[in-house]
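J.: Structure in structure tokens, see below.
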Amino acid sequence: MGLLTNLRSSISRAASTLFSDEEPKRIGIYGPPNAGKTTLSNRIVRDWTEHGDVVGPESHIPHETRRARRKENIEIERDGKTVTIDVVDTPGVTTKVDYTEFLEHDIEKDEAVRRSREATEGVAEAMHWLREDVDGVIYVLDSSTDPFTQVNTMLIGIIESQELPVLILANKIDLEESSVQRIRNAFPQHETIPLSALEGDNMDEVYDKIAEYFG
Amino acid sequence: MAEVKQRDGVQIDLISGERMDGLASMEKIRVILDGVREGNIVILEEGLSPDEESKLIEVTMSEISPDEFNGIEIETYPQSGGSDSGLFNRLMGKNSPKKLTVIGPANRIETLHKDETLIQTLVSRT
Ligand SMILES: Nc1nc2c(ncn2[C@@H]2O[C@H](COP(=O)(O)OP(=O)(O)OP(=O)(O)O)[C@@H](O)[C@H]2O)c(=O)[nH]1
Ligand SMILES: [Mg+2]
């Protein structure tokens, strides 16, 4: 009897360490439209996978990403250790979508209506992922714009209430109007890491922190 | 809620915390979106929990429809002190400190200024 119980418990212990080692953490890349989420996701994938095919298209037109997209089993090496994560690139979160704004980007009305419909579905999907399906969050902000927005306040509040680990990235530091301090002031309770996802500046620190937070 | 026929003006629904306390999350969201979709400005004395805010965004998205409903504008005072109040409220079993929240149709309400102590909004009639 005792032997059997021991055996069982040691098997289940082995299984649980196996699982915790093998199941990669799912990291959601969140933030407002146009912050550079896809640019960052693509860079992570290019830096750490062999084929390096991109997660999705990057564009100056807001709501370019209209479906949450997952890239699995990205192995990031830090200090001789390997951290495995799944990256989920999400559509930029907003509380409003007006199709006429697409018209300003030289998009025809039919296409604009289609895009806005997809965008609304995508944002709803991103919120759902946040409540149910992610283990950690990278919150990307464009450091050349005002971080004190309602969407940012609400999203950070939602992430905190889920008790998910969150890393704030101040993107686009290559731009002259960039201010990392403004983001630190807005969210003093979290660590903010500056970077340029486009130029690849400060990616080493970004990967250090990803390993530290989500490893 | 008493149906007031739309006259030449903007209807404001000021909803007390007491009234909202008795409602389930989805009922709260319905009260808000029904008001906003009629063109009203909805002011909540005590705001929503983070989980309810998340659902509000999700339901709003599902109701957006071209030339009819563009979504919502929502404002609360930014929380100063960050995790301090968060931790306190978590210890107290609450996710969010009670905060006045203004919600309106995106095409009719525009935030002019906002800081820790003041929210200024411009409401247009159409
Ligand atoms: N200058 C500069 N531009 C950047 C940087 N990162 C991204 N961009 C640009 O910002 C725009 C938006 O980038 P995306 O990666 O598509 O942004 P996103 O957050 O995925 O946007 P949505 O999918 O629409 O929510 C593109 O024109 C990018 O080239 C950066 O570090 N510096
Ligand atoms: Mg994108």
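The values are calculated or read from the model by the stated rules, or taken from the named source; none is laboratory data. Here the structure is a predicted model, which is why all the values come from computation and not from measurement. Backbone-built Cβ (ideal geometry, glycine too); neighbour counts: all protein chains shown. Ligands, DNA and RNA are stripped out before the accessible areas are found, and what is left, the full protein with its side chains, is counted by its heavy atoms. Shrake-Rupley method; radii C 1.70, N 1.55, O 1.52, S 1.80 Å.
J.: Filter the range B:108-126 for residues that are away from every other protein chain (no Cβ under 12 Å) and either surrounded by 11 or more Cβ atoms within 10 Å (Cβ to Cβ) or in contact with a strand residue (DSSP E or B) (Cβ under 9 Å, 6 or more places away or on another chain) (or both) and give the result. Walk me through how you get there before you give the answer.
T.: Here is the first cut: in the range B:108-126, the residues away from every other protein chain (no Cβ under 12 Å) are B:112, B:117-118, B:120, B:122-126.
If the condition is that a residue be away from every other protein chain (no Cβ under 12 Å) and either surrounded by 11 or more Cβ atoms within 10 Å (Cβ to Cβ) or in contact with a strand residue (DSSP E or B) (Cβ under 9 Å, 6 or more places away or on another chain) (or both), then B:LEU112, B:GLN120, B:LEU122, B:VAL123, B:SER124 are the ones that fit.
J.: Are any residues in the range B:52-68 touching a Ser or Thr at 6+ places or on another chain (Cβ under 7 Å) and open to solvent by less than 30 Å² (accessible area, probe 1.4 Å), and if so, which ones?
T.: If the condition is that a residue be touching a Ser or Thr at 6+ places or on another chain (Cβ under 7 Å) and open to solvent by less than 30 Å² (accessible area, probe 1.4 Å), then B:GLU52, B:ILE57, B:THR60, B:MET61, B:ILE64 are the ones that fit.
Listed here are the residues, each with its yes/no results for (1) open to solvent by 10 Å² or more (accessible area, probe 1.4 Å); (2) more than 24 Å from A:ARG43 (Cβ to Cβ); (3) within 14 Å of another protein chain (Cβ to nearest Cβ).
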position	(1), (2), (3)
A:GLU75	yes, no, no
A:ARG78	yes, no, no
A:THR82	yes, no, no
A:PRO91	no, no, yes
A:THR100	yes, yes, yes
A:VAL113	yes, yes, yes
A:GLU125	yes, no, yes
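J.: Then there's this: Which residue pairs have Cβ atoms closer than 8 Å, lie 6 or more positions apart in sequence or on different chains, and pair a first residue in the range A:184-201 that is away from chain B (no Cβ under 14 Å) with a second residue that is away from ligand 1 (no atom under 15 Å from the Cβ)?
T.: Once the first residue is away from chain B (no Cβ under 14 Å) and sits in the range A:184-201, its partners that are away from ligand 1 (no atom under 15 Å from the Cβ) give A:ILE193/A:LEU167; A:ILE193/A:LYS209.
J.: Looking at (1) within 23 Å of A:GLU205 (Cβ to Cβ); (2) modelled with pLDDT under 95, which is the one condition that is false for A:ASN42?
T.: Condition (2) is where A:ASN42 drops out.
J.: Kindly indicate whether any position in the range B:43-51 is under 25 Å from B:GLY9 (Cβ atoms) and either of a type in the set (Gly, Ala, Ser) or open to solvent by 20 Å² or more (accessible area, probe 1.4 Å) (or both). Give the derivation first.
T.: Looking only at the range B:43-51, we keep the residues that are under 25 Å from B:GLY9 (Cβ atoms), and these are B:43-45.
The next check asks that each one be either of a type in the set (Gly, Ala, Ser) or open to solvent by 20 Å² or more (accessible area, probe 1.4 Å) (or both); those that pass are B:43, B:45.
Scanning the range B:43-51 turns up at least one residue that is under 25 Å from B:GLY9 (Cβ atoms) and either of a type in the set (Gly, Ala, Ser) or open to solvent by 20 Å² or more (accessible area, probe 1.4 Å) (or both).
J.: How many of the residues in the range A:54-73 are without any contact (Cβ under 8 Å) to a residue 24 or more places away in the chain and either away from ligand 1 (no atom under 16 Å from the Cβ) or open to solvent by less than 50 Å² (accessible area, probe 1.4 Å) (or both)?
T.: Residues flagged as without any contact (Cβ under 8 Å) to a residue 24 or more places away in the chain and either away from ligand 1 (no atom under 16 Å from the Cβ) or open to solvent by less than 50 Å² (accessible area, probe 1.4 Å) (or both) within the range A:54-73 amount to 1.
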